[in-house]
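The values are calculated or read from the model by the stated rules, or taken from the named source; none is laboratory data. Only a predicted model underlies this, so the values are computations on that prediction, with no experimental measurement involved. Using ideal geometry, Cβ is built from the backbone for each residue, glycine included, and neighbour counts are taken over all protein chains shown. The area values use the complete protein model at the heavy-atom level, side chains included, leaving out ligands, DNA and RNA. Shrake-Rupley method; radii C 1.70, N 1.55, O 1.52, S 1.80 Å.
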Amino acid sequence: MKTKRLFSAILAACLTLALILPASAAGTAPSLDDAVQAVTALGILNGDGSGNLNLSARVTRAEFVTMTVKAMPGGDGVGQAAVAPYPDVPRSHWASGYVEAAVGRRLISGFSDGTFRPDQEIKLAEAASMLLSLLGYGPDDFSGAFPTGQLAMCQNLKLIRGVTALQAASPLTRQDAVYLFYNLLSAKTKEGAPYIQQLGHSLDASGKPDVVALVNGQMEGPVVVQGYGWQSSLGFTPNKVYRNGSAASLTNIQDYDVVYWNAAMSTVWAYAKKATGPIQALAPSSAEPTSVTVAGRTYAIESSAAAYALSDLGQYHLGSTVTLLLGRSGGVAAVADVSASAGERVGVVTAIEKTAYPDGSGGSYTAQTVTLLATDGQTYQYQTRGGYKVGSVVRAIVAGSGGEVTLRGLGNASLSGKVNQEGTKLDKYAFAQGAEILDVSEDRGAVIYPARLAGLNLNSGKVKYYALNPQGEIETLILNDVTGDAYHYGIITRFEEEGQGMSRYCTYQYDVDGVSYTLSGATRFLATAGPIRIQGDPASPEKLYALTAAQAGQVSGNQFVTGNQRYTLSDGVVVYEYRDGRYYLSSLARAEGGGTVTAWYDKAESEGGRVRVIVVK
């Protein structure tokens with residue numbers, strides 16, 4: 001009898017071990033940031049009222065069923081169940097509709113006693129079976145007893161990369177669920193296509209879910225802010241707010257800002273970009289315009305409201321002076337009177353040209369136009385009678401009524417000194433709260449914050465203009481190529497050279513922020529390989545400068561560490577993954593995830609330099 005019991009115990013232990021996945025089965029964990037962004041953008045996982053995702057919390061059966069149904073095409077439209085699906089899931093239960101939908105699709109079933117047990121923790125085996133059902137696999141596709149075949153299939157499909165629950169009976173955390181659903185997006189269905197295609201999205205060039213496209217696809221808007229009524233369009237109180245790409249709060253959003261939102265991510269994005277001037281052209285016609293030209297620049301029209309306002313049915317016509325309210329892609333989200341850009345702004349003249357304008361009566365007139373790069377980082381174009389040259393510092397005053405524009409030249413103000421280590425003072429002058437600082441490099445500019453200048457010595461040649469408020473604090477500062485933040489940075493992916501002397505012919509291929517460019521001709525730049533700084537328009541650059549490589553190291557927070565050296569990362573650092581002989585635009589999270597990591601910087605940090613490009617192999 002003892003021998004029989006001992007054999008039974010050994011057999012039970014073997015069966016239990018058979019349902020444990022090896023630690024290597026989880027594979028290399030994807031970027032948690034990318035996974036969270038993708039899964040929340042699709043509305044599969046939501047945070048609590050404070051936006052906290054509670055990733056360490058355990059997941060119940062009701063919660064995982066809800067996530068699974070939301071991961072199905074049309075799953076976000078499920079409502080309350082028609083009747084109680086189970087005695088312990090009444091019709092009034094918050095997940096009744098999702099349980100009803102999942103059971104109807106045979107993704108999950110109840111227990112033999114007729115209950116569903118919605119508050120019981122979901123186990124890895126149950127979750128794996130549900131996701132495999134979404135991929136089109138059924139019982140006939142697995143060998144062996146449940147759940148051995150299901151877990152083996154999950155491992156082959158790389159569904160459990162990053163998952164910490166490796167036993168069939170292990171409960172899942174919300175972080176485990178994030179990884180499962182993120183991996184599901186790139187997993188192939190039984191028919192052989194990535195599951196993400198069923199949701200109307202795609203993978204990027206590296207075979208990962210295209211997070212940017214996912215967020216864009218689930219984004220709502222635009223809405224133009226006027227007063228406080230716009231917040232009712234959201235239907236939720238956002239936990240995250242960005243304005244012009246920087247973290248902000250709802251109180252920072254101003255009238256005439258263009259707002260977009262993603263309810264699942266509880267996030268709002270606001271943009272304050274504007275273009276002011278006379279309407280010069282509407283294409284292809286004023287009856288159905290898809291683009292508008294204002295002050296020499298053509299903008300795509302991205303909303304039906306803007307298209308109507310600019311059409312022959314709307315209030316604005318050729319020759320009307322308007323303010324275009326630009327959306328996140330730079331297209332026209334809405335149109336307003338010129339008074340929408342009323343106020344004063346200071347900037348640097350980057351271009352002067354003669355421009356033809358329609359007079360509103362079928363004719364045209366020619367006027368000199370100046371392009372002003374202002375301290376708010378935006379570009380404005382105004383008609384002027386002359387007296388200015390490229391590089392001049394100008395104040396533009398736009399009247400609130402009528403929109404008349406007055407330009408006044410400002411003399412270069414001499415200022416030099418050192419910015420303290422806290423980034424709060426330049427020489428003896430403190431920076432005012434909300435000080436506008438523009439660093440100009442050629443015809444581009446970068447809006448920076450005082451902390452970006454901490455510890456730098458600024459001589460008079462580096463300061464083009466400054467102004468003090470009544471308290472004697474710096475409220476406006478225009479710099480001359482101090483930080484290098486305004487330049488484009490990228491990487492040369494191919495260089496070929498044929499012939500010599502007058503017969504030399506060079507071909508460059510390079511990537512800038514995921515956009516590939518090709519440049520051919522007799523010009524041979526000093527840079528022929530690796531990460532670069534681009535001078536001029538990336539499509540037709542004046543020069544390509546090679547960046548300097550640091551030794552291989554690792555990313556730690558906002559720094560790159562190699563040996564005893566630390567290099568600060570640029571806020572806009574570009575990350576490339578080198579794989580199979582090609583460079584793929586990637587994310588900082590990928591650089592933090594391991595591999596051979598090399599950083600490239602433009603100049604010494606004491607001169608304002610930063611790490612601009614990171615390559616992961």
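What the table shows:
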{"read-out": "Normalised per residue, the volume of the convex hull around the Cα set of the stretch 501-617 (Å³)", "value": "120 Å³"}
{"read-out": "In Hz, Karplus ³J(HN,Hα) per residue of the stretch 234-242 (6.51, -1.76, 1.60; θ = phi - 60°; x = Gly, Pro)", "value": "6, x, 7, 9, x, 8, 10, 9, 10"}
{"read-out": "Rounded percent of accessible protein surface that carbon and sulfur make up, the stretch 459-617, 1.4 Å probe", "value": "42 percent"}
{"read-out": "For residue 94, solvent-accessible area (1.4 Å; no DNA, RNA or ligand), Å²", "value": "150 Å²"}
{"read-out": "Helix-only CD estimate at 222 nm, as mean residue ellipticity for the chain, using -39500 (n - 2.57) per DSSP H run (n ≥ 4)", "value": "-4500 deg cm²/dmol"}
{"read-out": "Length-normalised contact order of the stretch 131-280 in % [C-alpha pairs under 8 Å, at least 6 apart]", "value": "15 percent"}
{"read-out": "Of every Cα-Cα pair in the stretch 556-602, the percent that sits beyond 14 Å", "value": "51 percent"}
{"read-out": "Nearest-10 value in Å² for the accessible area of residue 112, using the 1.4 Å probe", "value": "130 Å²"}
{"read-out": "Ranked by how many other beta carbons lie within 10 Å on average, peptides 376-389, 298-311, 410-423 from highest", "value": "298-311, 376-389, 410-423"}
{"read-out": "Square roots of 5 times each gyration tensor eigenvalue, C-alpha, the stretch 194-296, largest first, Å", "value": "28, 23, 13"}
{"read-out": "Rounded if a/c under 1.5, otherwise prolate or oblate - the stretch 303-391, Cα gyration tensor axes", "value": "oblate"}
{"read-out": "Cβ-Cβ FRET estimate between residue 454 and residue 254, R0 fixed at 22 Å, reported to 0.05", "value": "0.20"}
{"read-out": "Within the accessible area of the stretch 230-298 (1.4 Å probe), percent carbon and sulfur", "value": "45 percent"}
{"read-out": "Estimated D of the stretch 136-260 in µm² per second, where Rh is the Kirkwood radius over Cα pairs and Stokes-Einstein applies at 10 °C, 1.306 mPa s", "value": "88 µm²/s"}
{"read-out": "Degrees, to the nearest 10: 61-70 long Cα axis against longest axis of the chain", "value": "50 degrees"}
{"read-out": "Charge dipole (debye, nearest 20) of the chain; +1 at Cβ of Lys and Arg, -1 at Cβ of Asp and Glu", "value": "1320 debye"}
{"read-out": "The stretch 104-226 - percent of accessible surface contributed by carbon and sulfur, probe 1.4 Å", "value": "46 percent"}
{"read-out": "Isotropically averaged projected area of the chain, using the convex hull of Cα atoms (one quarter of hull area), nm²", "value": "38.7 nm²"}
{"read-out": "Mean separation of Cα contacts under 8 Å (6+ apart) over length of the chain, as relative contact order %", "value": "7 percent"}
{"read-out": "Highest-first arrangement of 426-432, 519-525, 206-212, where packing means the average Cβ count within 10 Å", "value": "206-212, 426-432, 519-525"}
{"read-out": "Segment residue 220-residue 352, extension gain: residue separation times 0.36 nm, minus the distance between their alpha carbons", "value": "43.7 nm"}
{"read-out": "Counted charge near residue 37, where neighbours are those whose Cβ lies closer than 14 Å (Asp, Glu -1; Lys, Arg +1)", "value": "-1"}
{"read-out": "The stretch 185-269: trypsin sites (Lys or Arg not before Pro) falling in loop per DSSP and having at most 12 other Cβ within 10 Å", "value": "190"}
{"read-out": "Prolate/oblate/rounded call for the stretch 279-338, Cα gyration tensor, a/c under 1.5 rounded", "value": "rounded"}
{"read-out": "Relative contact order (%) - criterion: Cα under 8 Å, at least six apart; region: the stretch 408-498", "value": "33 percent"}
{"read-out": "Cα gyration tensor shape of the stretch 58-217, rounded if a/c is under 1.5, else prolate or oblate by comparing a/b with b/c", "value": "oblate"}
{"read-out": "Sequence-distant lysines (8 or more away, or on other chains) whose Cα lies within less than 23 Å of residue 158", "value": "70, 123, 188, 190, 208, 617"}
{"read-out": "For the chain, accessible area per residue (1.4 Å probe, heavy atoms of protein chains only), Å²", "value": "48 Å²"}
{"read-out": "Cα-based reach from residue 389 at 22 Å (exclusive), listing lysines while leaving out same-chain residues under 8 positions away", "value": "354, 462, 464"}
{"read-out": "Net lengthening on full extension, residue 28/residue 516 (0.36 nm per residue, minus Cα-Cα)", "value": "172.8 nm"}
